[in-house]
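J.: The structure under discussion is supplied below as structure tokens; questions concerning it will follow.
Derivation of every value follows stated rules applied to the coordinates shown; laboratory data play no part. Remember, predicted model here, so these are calculated numbers, not experimental data. Positions of Cβ are generated from backbone atoms using ideal geometry, with glycine treated the same way; all protein chains shown enter the neighbour counts.
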Amino acid sequence: MNGQDNPTPAQRLRDLLHAPGLAQVMGAHSPLSARLAEEAGFEAIWSSGLEISATAGVPDANILTMTECLNTAAGLAEAVNVPVLADCDSGFGNVNNVIHMVRAYEACGIAGVCVEDKRFPKLNSFVEGNQDLAPVDDFAAKICAAADVSDELVVIARLEALISGQGMDEALRRAEVYERAGADALLIHSKRAEPDEVFAFRDTYTGQLPVVVVPTTYNRVTATELADRGFAMAIYANQALRSSLKAMRDTLASIRRDGTTHHIEGDIASLNDIFALQRVPRMLEQQAYYESLGRKIAENAR
Ligand code: SPV
Ligand code: MG
């Protein structure tokens, strides 16, 4: 903490987790997409492993290194004034990798890290394939280490028991273990089409930690409903990337088909829109200011 008037990114994320109501967090993979999320009013940014790896054209399966994920997350944190919560997969290795990871992410201004209790290499939760859980004691060790390394950084323990088919009892057992290990919040993940599983978890979990959800497949659920059910945070992890993909495909097909771009101009962002997101006006202002200052100093020295 820097004091009440100037809270750190981690403190701001912690406050969001504990504030009444639901914090809405948007996934991003680039400083530009993070700025769009901030502009839309999202309260924090999720540095999404799926989005980052998809943008790099590789599977979300620990193909990218920790440094590559960190570089992207750091870019997001630099670009926006809201806290960045980084998806850190299963911690990029064992407990030693987690210790290094927490130090590195904290040093780059990241507000919090989320680690999931799957084995390395992880596979995206929605891909059919090996979704085996890590032994509970191994993952508890990672949470203990992360919490010990930094008093400040928010550490979210992500439960994959429902994804891996291990069931609610296993999810609840692990929730208690991770809470004892020092997690700041729990993320309960589900790939069901309805939110029944995450509702059941929220109703049965009797611990004290805020609970986070990722409503990707159970997409009929509303923010109001999640807030009423007692969830602290919803992460819309990949919708921005998916919408941009569709928009790009439609535009490309139309240009290829029609041989002109004239008729799509109204449907695509203007160059000025891009310049604003790049902060071009601010750059020109500061350039003019320093050039004028330089001229004055040079004249006075004559
Ligand atoms: C991500 O955005 O990379 C996530 C969320 O971890 S999910 O894709 O739902 O697993
Ligand atoms: Mg991920």
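J.: So which residues in the range 80-132 are of a type in the set (Lys, Arg) and more than 12 Å from ligand 1 (Cβ to nearest atom)?
T.: Arg103, Arg119
J.: Still on this structure: Based on this model, can you work out whether Ser90 counts as over 24 Å from Asp228 (Cα atoms) and in a helix (DSSP H, G or I)?
T.: no
J.: Return yes when Ala111 is more than 16 Å from ligand 2 (Cβ to nearest atom) and in contact with a Leu (Cβ under 7 Å, 6 or more places away or on another chain) and no when it is not.
T.: yes
J.: Can you confirm whether Leu17 is within 16 Å of Ile110 (Cα to Cα), assigned to a helix (DSSP H, G or I) and not acidic (Asp, Glu)?
T.: Taking the combined requirement at face value, the residue satisfies it.
J.: Then there is this: Looking at the range 255-268, can you tell me whether even one residue there is of a type in the set (S, T, N, Q), farther than 19 Å from Phe201 by Cα and either within 16 Å of ligand 2 (Cβ to nearest atom) or surrounded by fewer than 16 Cβ atoms within 10 Å (Cβ to Cβ) (or both)?
T.: yes
J.: State all residues of the range 44-87 that are within 14 Å of ligand 2 (Cβ to nearest atom) and either of a type in the set (D, E, K, R) or in a loop (DSSP other than H, G, I, E, B) (or both); if no residue qualifies, say none.
T.: Passing the criteria: Ser48, Glu51, Ala56, Val58, Pro59, Asp60, Ala61, Asn62, Ile63, Leu64, Glu68, Asp87.
J.: Whether any residue in the range 78-97 is without any contact (Cβ under 8 Å) to a residue 24 or more places away in the chain and more than 21 Å from Ala237 (Cβ to Cβ) is what I want to check.
T.: Yes, the range 78-97 contains a residue that is without any contact (Cβ under 8 Å) to a residue 24 or more places away in the chain and more than 21 Å from Ala237 (Cβ to Cβ).
J.: What's the total number of residues in the range 124-149 that are closer than 19 Å to Asp184 by Cβ and surrounded by 15 or more Cβ atoms within 10 Å (Cβ to Cβ)?
T.: 11
J.: With respect to Ser33, is the statement that it is among the polar types (S, T, N, Q), assigned to a helix (DSSP H, G or I) and within 16 Å of ligand 1 (Cβ to nearest atom) true?
T.: Taking the combined requirement at face value, the residue satisfies it.
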